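Data first, discussion second: the structure below is written as structure tokens.
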Amino acid sequence: MSSISKYFSDLFKGISSLWAGMRVTGKYFFSPGQIVTEQYPENRATLKMEPRFKGEIIMPHDENNQHACTGCGICEMNCPNGSIEIITDRVANPEGKLERVIDKHIYHLSMCTFCGLCVKTCPSNALAYGQKFEHAVFDRHKLTKVLNQPGSSLKKEAKK
């Protein structure tokens, strides 16, 4: 193929790809009712994130202040940068056997890359993504959170 025909071939491919992109942009520009831009921070009170949004990691608790975390440590092992730290204790159950009880589930938000490996690999589904996304603070220590609430306990059906 000669250089002139290659030049016009590449020019035609460039114009066709530009036209394809402009068609998509034009569709959103000229069709009424399709708002794709959120007017943040003006709509802060009504802003809802999508359900698939990967926000901070949370540990859901029910109305009895119970959670599903068994303290197995799999989320801590799978975290690539060590933003999760689990502190457990051994407590004797009514039968006299020692069992592991979670003392603190510490989450360092400042170190988190939001990869989601902790949520995916949790065998008891004790971790979830939160919807909060505003984390600007002046003190970095405020980004370290204890996920289990004070006085919380393990759900009975989660012990299986």
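The values are calculated or read from the model by the stated rules, or taken from the named source; none is laboratory data. Just so we're clear, the structure is a prediction, and the values are computed from it rather than from any experiment. Here Cβ is always computed from backbone atoms with ideal geometry, including for glycine, and neighbour counts include all displayed protein chains.
All conditions in (1) under 18 Å from the mean Cα position of the chain (by Cα); (2) assigned to a loop (DSSP other than H, G, I, E, B); (3) in contact (Cβ under 8 Å) with a residue 40 or more places away in the chain hold for Asn81, with the sole exception of (3). Taken over the stretch 114-154, residues that are in contact with a Ser or Thr (Cβ under 7 Å, 6 or more places away or on another chain) and small (Gly, Ala, Ser) amount to 1. The set of residues in the stretch 52-77 being part of a helix (DSSP H, G or I) and surrounded by fewer than 15 Cβ atoms within 10 Å (Cβ to Cβ) consists of Met77 alone.
Contact map, the stretch 49-71: first residue of a type in the set (Asp, Glu), second residue at pLDDT below 90, Cβ cut-off under 7 Å, separation 6 or more or different chains; pairs are Glu56/Lys132. Pairing residues of the stretch 120-145 that are in the same structural domain as Cys75 (by TED's automatic domain parsing) with residues that are among the aromatic types (Phe, Trp, Tyr), at Cβ distances under 6 Å and at least 6 apart in sequence or on separate chains, gives Lys145/Tyr107.
Checking each residue in the stretch 106-160 for being exposed (fewer than 12 other Cβ atoms within 10 Å of the Cβ) and assigned to a helix (DSSP H, G or I) picks out Lys120, Arg140, His141, Lys142, Lys156, Glu157, Lys159.
Per the conditions (1) surrounded by 13 or more Cβ atoms within 10 Å (Cβ to Cβ); (2) touching a Leu at 6+ places or on another chain (Cβ under 9 Å); (3) not aliphatic (A, V, I, L, M), the sole criterion not satisfied by Pro80 is (1).
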